[in-house]
Amino acid sequence: NEKGGEKSAGRNRGGGGRGGAGPKEAVPDYHQLQFLVGKIVDVSPHPDAEKLWVEQIDLGEPTGPRTIVSGLKSYYTAEELNGRRVVVAANLKYSKLRGIQSQGMVLCASNAEHSKVELLEPPETAQLGDRVGYEGADLAAHPLGEAKINPKAKTSPWPRVQAKLTVDANGVPMYDSKGLVVEGHGPCSVASLKDATIS
């Protein structure tokens with residue numbers, strides 16, 4: 001990315017290239033993903049998997065809540081999840097989990113042993129459907145396409161982004177050492193974990 005930026009800057013300084021003739025600026029990995037504020041409005045057990053919850057999550061979309069399957073049954077009761085505000089990876093390719101299509105992924109922090117898992121929580125004043133960014137990010141500079149991101153594809157930005165999603169030693173959720181925020185509303189948070197990963 002840095003090399004690409006240097007080449008682009010060089011073209012600008014030289015003024016030799018015609019407008020639109022050069023390659024498009026690469027879209028940063030994080031900007032290709034859509035992390036949205038949501039609210040869990042219903043939770044039910046998966047009929048064929050004892051560790052999975054089937055959640056209805058409102059992302060403020062006109063089509064209504066999405067069905068999302070999460071492996072959180074070992075960490076949260078249905079009562080603890082119902083009504084909670086969460087952050088959802090909303091433009092990943094839908095996948096079937098034990099026969100039920102999951103239309104997104106709820107982001108959570110976990111310790112190294114995966115014995116403790118906590119929801120990534122948006123700021124209280126954020127609206128459903130607000131996009132979660134990071135400090136200094138201009139998300140509007142790179143509008144999202146319609147295509148869903150396949151998290152398992154070789155060229156997928158998801159593994160690279162996931163590797164940089166962490167909770168620091170002070171308990172602050174970060175992307176690449178920059179705090180996760182909803183613009184105009186403040187930072188995201190987790191309940192108690194520190195030095196953790198987010199996925």
Please go through the range 49-65 and pick out each residue that is part of a loop (DSSP other than H, G, I, E, B) and either modelled with pLDDT of 95 or more or among the aliphatic types (A, V, I, L, M) (or both). ALA49, LEU52, LEU59, GLY60, GLU61, PRO62, THR63, GLY64, PRO65
Under 9 Å between Cβ atoms, at least 6 apart or on separate chains: pull out the pairs that start in the range 132-151 with a residue that is polar (S, T, N, Q) and end on any residue that is part of a loop (DSSP other than H, G, I, E, B) and open to solvent by less than 60 Å² (accessible area, probe 1.4 Å). ASN150/SER156
Just to be sure I understand the filter: pairs with C-beta atoms under 7 Å, separated by 6 or more residues or on different chains, first member in the range 183-199 and at positive phi, second member crowded, with 17+ Cβ neighbours inside 10 Å. Which pairs pass? GLY186/PRO123; ASP195/VAL167
May I ask you to list the residues in the range 87-98 that are out of contact with any His (no Cβ under 8 Å at 6 or more places or on another chain), surrounded by fewer than 19 Cβ atoms within 10 Å (Cβ to Cβ) and part of a strand (DSSP E or B)? SER95, LYS96
Flag for ARG84 being modelled with pLDDT of 95 or more and surrounded by fewer than 19 Cβ atoms within 10 Å (Cβ to Cβ): yes
Scanning the range 1-45 residue by residue, the ones that are within 29 Å of GLU146 (Cβ to Cβ), at pLDDT 50 or above and surrounded by 10 or more Cβ atoms within 10 Å (Cβ to Cβ) total 18
What's the number of the condition ILE57 fails, among (1) buried (at least 16 other Cβ atoms within 10 Å of the Cβ); (2) over 17 Å from the mean Cα position of the chain (by Cα); (3) not charged (D, E, K, R)? (2)
Checking GLU61 against (1) touching a Lys or Arg at 6+ places or on another chain (Cβ under 9 Å); (2) in contact (Cβ under 8 Å) with a residue 60 or more places away in the chain; (3) not aliphatic (A, V, I, L, M), which test does it fail? (1)
Hey, could you check the range 99-121 for residues that are in contact with an Asp or Glu (Cβ under 9 Å, 6 or more places away or on another chain) and not in a strand (DSSP E or B) and say which is surrounded by the most Cβ atoms within 10 Å (Cβ to Cβ)? ASN111
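The values are calculated or read from the model by the stated rules, or taken from the named source; none is laboratory data. Quick caveat: nothing in here was measured; it's all calculated off a predicted structure. So basically every Cβ, Gly included, is an ideal-geometry build from the backbone, and we count neighbours across all protein chains shown. Ligands, DNA and RNA are stripped out before the accessible areas are found, and what is left, the full protein with its side chains, is counted by its heavy atoms. Shrake-Rupley method; radii C 1.70, N 1.55, O 1.52, S 1.80 Å.
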